[in-house]
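Below you'll find the structure, written out as structure tokens, and then a few comments.
The values are calculated or read from the model by the stated rules, or taken from the named source; none is laboratory data. Since this is a predicted model, take the numbers as computed values, not measurements. Note that we place each Cβ from the backbone using ideal geometry, even for glycine, and neighbour counts take in every protein chain shown. Ligands, DNA and RNA are excluded from the accessible area calculation, which covers all protein heavy atoms including side chains. Shrake-Rupley method; radii C 1.70, N 1.55, O 1.52, S 1.80 Å.
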Amino acid sequence: MPRLTKRVVDSYKPNGRDYFVWDDQLPGFGLRVFASGSKSYLIQYRHSGRTRRATIGKHGVFTPEQARLEAKVLMGDIAKGEDPAELRFVKHKDPTVSELIDLYMREGPVMKPNKKESTWVADGRNLDIHVRPLIGNRKLKSLTRVDIQKFQADVTSGKSARKAQKTKPRGKSVVRGGAGIGARSTGSLSAMLTFAVERGLIDYNPAYGVRLNKRRKMERFLSSKELKALGEVLSEEAKQTEHVWVVAAIRLLILTGCRKGEILGLKWSQVDDEHNVLRLPDSKTGAKTVPIGQPVLDLLADLPRLGQSEYVLPSIKSDGPLVGLQKAWEDIRKKAGLDDVRLHDLRHSFASIAVAGGSSLFIVGKILGHKDSRTTEIYAHMADDPLKATVNSTSMKIAGLLGGTAKQVSNENTGAVPRMAAE
């Protein structure tokens, strides 16, 4: 395998079939000699477990050194996870939106390794069940802002909705419309179009400037009366052996403020009872440490172990974690008269009780694992009573030091003559 120079390239003649000549200094860089006599430079590489080839250009249009430089650039792209053959095919073809979805879901996770896998799963679902059916046949370069606005409106009105479809022996998938899914699907579409801009497939993102649907804020908090009703139902349910871990899951959700996935995936190795914390290696916002109170430690200490299961809340049918919590919760909330309460509202209730008890929004946000302080601000109104209590106790203390009462201090400020208390 010689180094490909002009003299060497010119020396190769057609022999009735296509054949390849590979450079001895740059692995993967080569020359294809066609049966017709024409010659093209190319690279050969592996991507996603497959051997691929990408043409650089014809000999004569490219010199060997120009082709070598282009090959090095492409090899660098491959090292970053890109697929030059796929990209050039897509560029040449002016892809449809469906073709872009395939490329985005294959190449995107490599380009953005910090984006969580669960987010990629959600994006893939939105693109497959909403974007592909509605605008999948459209040419990418033909999309306009009006098209994106119409897409959101169509998803919102239910044009991509479909009846329940079986996904597993005991599972099914239902696709609905609505403002929330319209906004989320448009967000996934916009992220994909940004990827297309970065790849040079389009010059700008047509979703830029499209105003997403406003999402209805879910701020359901349990009152003291509702918590008591829920506690009574949980106590009854706990008497049934098969419901022990379901009841424990619900109690842990409201006693810790954790998300459902964090509690269901909790392993005994992540419980640090010496330092009173749960050490979660992964969550919606990344790895985090969750402080826990004595009631949680007592609950965990009383929980039975199921065989050799590593999960705090094990499945009785497999080696994995507890399943079917949502269905069990629907039965429990009905018995407690809490038909409108979601499992995630237990997290809201933990936060609202903490804020109402005088804890700062900053501290509550840290406990919940909020990265953005604005996320915690939905609980701000719960702090009104503690603020008033603090002001009242502080003013009473000052009034006492002044030798009078809070009423006397108020009278002095308004110019009234106070009645002095007997010494």
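See the values below:
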{"read-out": "Segment 198-211, subset hydrophobic (A, V, I, L, M, F, W, C) and at pLDDT 90 or above, residue surrounded by the fewest Cβ atoms within 10 Å (Cβ to Cβ)", "value": "Val210"}
{"read-out": "Subset of segment 224-246 that is open to solvent by less than 50 Å² (accessible area, probe 1.4 Å) and without any contact (Cβ under 8 Å) to a residue 60 or more places away in the chain - its residue that is farthest from Gly293 (Cα to Cα)", "value": "Ala238"}
{"read-out": "Single residue of Leu69, Leu42 found to be surrounded by fewer than 19 Cβ atoms within 10 Å (Cβ to Cβ), farther than 27 Å from Ser160 by Cβ and of a type outside the set (D, E, K, R)", "value": "Leu69"}
{"read-out": "Residue among Leu4, Leu69, Leu31 that is part of a loop (DSSP other than H, G, I, E, B) and more than 30 Å from Pro206 (Cα to Cα)", "value": "Leu4"}
{"read-out": "Residue match in segment 147-165 (condition: out of contact with any Gly (no Cβ under 8 Å at 6 or more places or on another chain), touching a residue at least 12 places away in the same chain (Cβ under 8 Å), crowded, with 19+ Cβ neighbours inside 10 Å and farther than 30 Å from Gly261 by Cβ)", "value": "yes"}
{"read-out": "Which numbered condition Asp298 fails, given (1) touching a His at 6+ places or on another chain (Cβ under 8 Å); (2) at pLDDT 80 or above", "value": "(1)"}
{"read-out": "Residues of segment 179-197 classified as surrounded by 16 or more Cβ atoms within 10 Å (Cβ to Cβ) and more than 20 Å from the chain's Cα centre (by Cα), total", "value": "1"}
